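Below is one structure; the comments refer to it alone.
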Amino acid sequence: LVVHDLRNPAAALGANISYVREVLGEPDMDAAEVDDALTDAHVALHDLMRGLDQLSWLGRWLQGTAPTSTHPEDVRTVLEAAKARIKRTNVLFDLPPEGVQVQGGETLERLVELLVANSCQHSHTSKTVTVSAHVAPESVDFRIHDAGQPISEDLRELAFSLEGQDQVKSRIDGRYSRALGLFSVGLLAKALGVTVTSAGKPGDAV
């Protein structure tokens, strides 16, 4: 499954680059189609790099080391960095007040990015995905809502584990996540010492 998920963006990247090379300089070249091909190639490259990052996190986990770096950071800074990485118009961020410190850094940014990518994958492209952070005295609760189907209740404890990936990817009531997506979320959550849960109802997955 991981090889399949990495091969798809690699193939799309190659096909779009080949098309641009073929038509570049032709007198009847359609600039709009070339722009579309380059945009598709950029998206495919982003997906490929994300999958390779996840494999590197797995390698570090197998060696017993943290997958990415963590350090205290303002929660708004974390979400703004995640927003900059995502770059999707249908993703809305509800930012909390400044001055709330969390154990975050790149690890929390990437965790949010992966969850949003999964939400976009399982929600119609015209539907809005919302990201919010609810500040309590001793914790911050991050929530990602989308219009897709939630993970089935019997898979929710397995969804972010290595042993649960085959089921969550292969069942229609699971949530397919490219490469090691949901397991990577579990790795990053463990590195941060936070809990990740899945909930919601059809049309409002959390």
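Dividing the alpha-carbon radius of gyration of region 1-116 by the rule-of-thumb value 2.2 N^0.38 Å gives 1.38. Taking every DSSP beta bridge that has both ends in the chain, the antiparallel portion is near 75%. Of Lys127/Lys201; Lys87/Lys127; Lys127/Lys169, which pairs sit farther than 20 Å apart, going by alpha carbon to alpha carbon? Correct reply: Lys127/Lys169. Label separation (Ile172 vs Lys201): 2.2 nm, computed from points 7 Å beyond Cα along the C-beta direction. Restricting the calculation to Cα atoms, every distinct pair contributes to the Kirkwood radius of the chain, found to be 18.3 Å. Measuring with a 1.4 angstrom probe and ignoring ligands and nucleic acids, Ile151 comes out at about 10 Å² accessible. Taking the longest Cα principal axis of the chain as reference, the axis of helix 2-23 is set at about 30 degrees.
Annotation: extensible slack from Ser126 through Glu22 equals 34.2 nm (criterion: 0.36 nm per residue apart, minus Cα-Cα distance).
Counting only aspartates and glutamates at least 8 places from Lys190 when in the same chain, those with an alpha carbon closer than 19 Å to its own are Asp53, Glu73, Glu106, Glu109, Glu113, Glu138, Asp141, Glu157, Glu163. The coefficient of translational diffusion for region 1-63, derived via Stokes-Einstein from the alpha carbon Kirkwood radius under 4 °C and 1.567 mPa s, stands at 100 µm²/s. The value for region 34-94 of Rg(Cα) / (2.2 N^0.38 Å) is 1.46. Here the sum of -39500 (n - 2.57) over DSSP H runs of 4 or more residues, divided by the residues of the chain, equals -16500 deg cm²/dmol at 222 nm, to the nearest 500. The alpha-carbon atoms of region 130-206 define a convex hull whose volume equals 97 cubic angstrom per residue. Note on the chain: with neighbouring protein chains present and a 1.4 Å probe, carbon and sulfur make up 54 percent of its accessible heavy-atom surface. Largest accessible area first, the listed residues Arg175, Arg21 line up as Arg21, Arg175 when surface is computed with a 1.4 Å probe on the assembled protein chains.
The values are calculated or read from the model by the stated rules, or taken from the named source; none is laboratory data. Keep in mind that what you see is a predicted model, and the values were worked out from it rather than measured. Because the Cβ atoms are built from the backbone with ideal geometry, glycine has one as well, and the counts that use them run over all protein chains shown. Just the protein is used for accessible areas: all its heavy atoms, side chains included, with ligands, DNA and RNA removed. Shrake-Rupley method; radii C 1.70, N 1.55, O 1.52, S 1.80 Å.
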